[in-house]
1. What's the whole-number percent of alpha carbon pairs in segment 161-287 lying beyond 27 angstrom?
2. With respect to the cross-link table entries LYS69/LYS165; LYS163/LYS190; LYS11/LYS190; LYS4/LYS163; LYS11/LYS163, which display a Cα-Cα separation exceeding 19 Å?
3. Work out how far the C-alpha atoms of segment 91-134 reach from end to end along every principal axis, then list the three figures in whole Å, largest first.
4. In whole Å, how far is the Cα centre of segment 116-175 from that of segment 204-261?
5. State, in angstrom, two size descriptors of the chain derived from its alpha carbons: Rg to one decimal place and Dmax to the nearest whole number.
6. Per q in 0.17, 0.26 Å⁻¹, report the Debye log10 I(q)/I(0) for segment 199-260, using one uniform scatterer on each alpha carbon and no solvent.
7. Show me, for segment 12-18, the HN-Hα J-couplings you get by feeding each phi into the Karplus relation (A = 6.51, B = -1.76, C = 1.60, θ = phi - 60°), rounded to Hz, glycine and proline as x.
8. So how compact is segment 102-156: Cα radius of gyration and Dmax in angstrom?
Amino acid sequence: MNLKDLFNGKKTVFSFEIFPPKRDADINTIYTTLDQLHYLDPDFISVTYGASGSLANNSTCEIASAIKKQYCLEAAAHLTCVNSTREEIDIMLERLANAGIDNILALRGDRVPDVPPKEDFPHASDLIRYIRASHYDFGISAACYPEGHPDSPDMIDDIRNLKLKVDAGAEHLISQLFLDNGMFYSFLEKARIAGINVPIEAGIMPVVNKKQIERMVTLCGATLPEKFIKMMEKFEHKPEAMRDAGIAYATNQIVDLLAHGVDGIHLYTMNNPYIARRICQNVKTLF
């Protein structure tokens with residue numbers, strides 16, 4: 001099933017993201033996580049591409065296939081390109097197709113320090129165009145950045161590049177995390193004015209510890225609202241309180257987003273079924 005078809009109904013789409021275990025970890029840990037997540041009945045689950053976007057030991061395909069075949073849920077496999085050649089991308093496309101995966105989240109990916117990027121796919125739009133021109137019939141999703149990509153000089157440039165992704169063949173967008181819904185609504189207005197009319201899901205990450213959000217903010221540049229800072233300052237040394245406060249903050253974000261009629265909510269589960277379950281229980285009657 002192509003993910004874009006999920007947005008044809010009246011129900012707001014609700015999806016999860018998970019990530020493969022680290023290379024030295026037992027892969028069965030992710031299936032323990034999925035054993036619990038699949039009962040929450042998300043519309044689809046996306047699987048990140050693994051460390052450094054490397055083909056070696058990459059379990060994204062295996063996990064995405066299990067989501068479809070074992071757990072009977074739709075799956076989207078992340079695929080990054082900045083560190084890949086055309087030949088490597090061809091290998092992954094064939095693997096995904098043979099595994100029955102219908103949907104790809106096409107990303108540039110993070111550059112690896114001290115490792116020169118490959119030159120075949122400088123941008124996500126190049127990868128999207130390549131997949132669309134192939135003989136495969138994948139549904140293609142892409143990422144968007146409510147506060148602008150860290151490499152973009154301004155939002156005008158960022159929206160222009162986002163339009164390139166959609167024009168290249170992206171049919172569905174998932175946003176990077178944000179903690180201020182006003183930023184998402186402003187971005188959404190700019191995207192629609194620019195003619196970006198594909199479904200856009202709001203990416204929500206429940207923040208349950210201070211180090212987690214500090215790391216994520218460094219990577220994506222999300223703004224920390226004053227009320228969020230106050231929450232961290234109050235509860236950062238009380239792990240259970242911080243966890244519950246983070247769940248409450250994410251729940252409030254989702255309630256507000258649903259009230260504004262967003263296309264979908266994409267929950268960054270961080271492979272934590274407990275947190276996903278708590279949030280689902282809080283909002284299950286709203287979808």
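1. Details: 1653 of 8001 pairs.
Across segment 161-287, Cα pairs with separations above 27 Å total 21 percent.
2. Details: LYS69/LYS165 30 Å; LYS163/LYS190 11 Å; LYS11/LYS190 24 Å; LYS4/LYS163 17 Å; LYS11/LYS163 26 Å.
LYS69/LYS165; LYS11/LYS190; LYS11/LYS163, as the Cα separations exceed 19 Å there.
3. Principal-axis extents of the Cα atoms in segment 91-134, largest first: 35, 19, 15 Å.
4. 27 Å
5. For the chain, the Cα radius of gyration and maximum Cα-Cα distance read 18.1, 54 Å.
6. -0.59, -1.21
7. After applying 6.51 cos²θ - 1.76 cosθ + 1.60, I find 5, 6, 10, 9, 10, 10, 10 Hz.
8. Taking only Cα atoms of segment 102-156, I get Rg and Dmax of 13.1, 36 Å.
Values quoted throughout were computed directly from the atomic coordinates according to the rules given, and no laboratory measurement underlies them. Source: prediction; values computed, not measured. Neighbour counts are summed over all protein chains in view; Cβ atoms, including those assigned to glycine, are modelled from backbone coordinates with ideal geometry.
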